[in-house]
Structures are given as C-alpha cells and as structure tokens.
1. In region 108-147, what residues are in contact with a helix residue (DSSP H, G or I) (Cβ under 6 Å, 6 or more places away or on another chain) and among the polar types (S, T, N, Q)?
2. Return the pairs, sorted by first residue and then second, in which the second residue is buried (at least 17 other Cβ atoms within 10 Å of the Cβ), the first residue lies in region 166-192 and is among the hydroxyl-bearing types (S, T, Y), the beta carbons are less than 7 Å apart, and the residues are 6+ apart or on different chains.
3. If I ask for residues that are of a type in the set (S, T, Y) and at pLDDT below 95, which ones from region 134-182 would you list?
4. How many of the residues making up region 206-247 are in a loop (DSSP other than H, G, I, E, B), among the small types (G, A, S) and either more than 25 Å from S347 (Cα to Cα) or in contact with a Pro (Cβ under 8 Å, 6 or more places away or on another chain) (or both)?
5. Residues in region 125-151 that are part of a strand (DSSP E or B), among the hydroxyl-bearing types (S, T, Y) and surrounded by fewer than 21 Cβ atoms within 10 Å (Cβ to Cβ): how many?
6. Would you kindly identify the helices (runs of 4 or more DSSP H) lying entirely within region 12-113 that contain at least 3 residues that are touching a Gly at 6+ places or on another chain (Cβ under 9 Å) and at pLDDT 95 or above?
7. Looking at P317, is it closer than 25 Å to A198 by Cβ, at pLDDT 90 or above and either touching a Gly at 6+ places or on another chain (Cβ under 9 Å) or surrounded by 11 or more Cβ atoms within 10 Å (Cβ to Cβ) (or both)?
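The values are calculated or read from the model by the stated rules, or taken from the named source; none is laboratory data. Everything numeric in this text was worked out from a predicted model, so none of it was measured. Reconstructed Cβ throughout: ideal geometry from the backbone, glycine too, with neighbour counts over all protein chains shown.
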Amino acid sequence: MPDDASTSAGSGPSCPLPLRVHETIQMAHGGGGRLMRDLIETVFKRAFMNPALARSHDSAVLAAPAGRLAFTTDSYVVSPLVFPGGDIGKLAVCGTLNDLAMAGAAPLALSAGFILEEGFPLEHLARIVESMQAAAAAAGVAIVTGDTKVVDRGKGDGVFINTAGIGAVPDGVDVGPHRVQPGDVVVLSGDVGRHGVAILSVREGLGFETSIESDCADLSPLVARLTAAGIELHCLRDLTRGGLASALNEIALDGQVEIALDERAIPVSEAVAAASELLGLDPLHVANEGRMIAIVPATEADRVLAAWRGHPAAPDPGVIGRVTGRDHPRVLLLNRLGGTRILDLLSGEQLPRIC
C-alpha cells in the first residue's frame, strides 16, 4: 500500500479528520462534536458573551428578583430572512421583548434556539446573530442560553429561531383582558400595516414608488414610561399577526366587552394605504411588529399620550376607540363614510410566514 495521507509508518490505515473550516452549515454542526463546538464558540458565544453564558453549562443560573416574573416564548419563520427595516434576528429579539412588555414586565434575560438548514451560509448566520445581539444590547438585556439543531438540506428554510424571555413585573401592575371595562379608551402608538406590507413587497418583488420599511421595534421603553408615570393600565397588546383587528378581537372575546373604533382616527401611511389597495389588503388586518395599544380609563388617555410623545416607537399616538359595553363581545368600526360594520377576525391566513 502506498504511503499517503491515509497511512503512516507502522500504524496501518487511518481516517483523515473532517474539515473544520466551512462556509456553510454542515450536518456535523448539529452533531455534538468539534464542528458544533466551533460554531458555538465562533458565532454564538462571540456575539452573545455575558457572565451567565460564559459558564458554558446546560442551564443559565440567574439571580431571581423579588416579586413576580413574566415568562414568554415565540418562534420565528419569516420569509425573507432580511427585509426593509430588519431581519429575522432583530424580529426574534424585539418580538419576545414586546411580549414581556405587554405583561408590564421589564426584561431580565432571553434564550435563543436555532434550527439551521444544511447549506445555509455561515456568513448569513453571523449577520443574523449580530443583529440579535445589537437588539438585545439596545434593550439592556442578555441572551444567556440557547440551542442549535441542524436539519437536512431542503427540509428547512435557512434558519428558524425560537426565543424565550423572562421579565420582572413591578408591584401594582396587573394588565390583561380581564381588567378591561366599559368606558375605557383604546390608545394606539402609531400607524399600522407597515411590517406586513414591507415583507410582502420584498417577497413578491413588488417595486413601490416609496420604500416601505417594517416598524419592527422594541416596545418595552413605551411600557416603561407608562409604569414609571404610575398610569392605571388595564390591558396592553402588541399588534402582530392579524394586525390591529385581531388584537382587539382577542381582547373583546377574552374580556367579554364590546369595543368601538373610529377608522378616521387610525393612522395608515399613504404608502401602506396605496400598497394595500393595490394588493387587496385591509391595513387593519396587516401585521405589525412595532406598534401597540394601551387600554386605559378615559381619565388616563392624555397621560398615555404625553408619556409616549417624542419616542420613535410611538410616531403618531392617538385615541382610536372606546369600550362601549358588555352585551356583545365584538369590535365595531365606524368607517370614514359614517357607517358602522363589525370588524371581525380573519377566517384564513392573509399573509403567511410574516414573523
């Protein structure tokens, strides 16, 4: 037998070590061996490093604050992975921060789980991870633990991300549909429909005269302003899949109340309105990733507007409706022509893979 790379004097045949430098995800990156450790060390730990993560153990050990904790989890499968105004990494962090914020909680820590498709470029993964870290750092929160799995080529779509978060709920804060009462008002933080239209414009290759960017943003600073001001909060909700219409219908059904909206008070940008008309969409049902509503006693409305005014995540805050009773759990919309219709939940999926 010739003396080559597979043999050595006196040792017989041997198997060469697998390559450790790759430009794309390999199945071995999820196999628990050298490549997986390299991926964790050079991509994830390099971006996310913090004291809890540095322990490199099966669980992150955190100091527990006194009082109540909020806990949430969400998964992200958006297509395309990068869109005007954000990417799947920023979306995953902001989405989980926002879910914590809607419970009135200040974020404490996040986790991140990745399902990677074989062949996904490592350069793209690094950019997504860096985007996640930038969003987390801006919010003053650490990604302290995570997981990585790899699936065969063609059995994923590049990358899917799951994030979970825990946060501390201040004393005296109790928000949810159970607290909504007739006479409350609905305050909206800004214009609606941007995220869904931005995603669709890129996905379908639509060229609009005006660039439409997603509203993807961390909403926890808006909630922190409300709690710091001591405003009485009955319910908070971020507007995601199904848009403003779905969020309010969920609250109406869970809280057993009727909510009446004034369409003229709901801001929709000219670009989003034009694109929605062209595509046959209702902006009130289109997804958002950086808008929220606060349902508060009518006497607190002006204080909410004052707390939000001037913050970039609340570009056009205003009162858009009122809780009118308990006889019929539903959402009514007074349209621009003076007529009233029921604003119902969608019966199907308007825009799949939106978050």
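1. S131, Q133
2. Listed pairs, sorted by first residue: S189/L222; S189/R291; S189/M292; S189/W308; S189/A313; S189/A314; S189/P317.
3. Correct list: empty.
4. 6
5. Summing the residues that are part of a strand (DSSP E or B), among the hydroxyl-bearing types (S, T, Y) and surrounded by fewer than 21 Cβ atoms within 10 Å (Cβ to Cβ) in region 125-151 gives 1.
6. Result: 88-101.
7. yes
Okay, residues lined up against (1) in contact with a helix residue (DSSP H, G or I) (Cβ under 8 Å, 6 or more places away or on another chain); (2) at pLDDT 95 or above:
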site	(1), (2)
I259	yes, yes
V268	yes, yes
A275	yes, no
I295	yes, yes
R322	yes, yes
L333	yes, yes
G338	no, no
E349	no, no
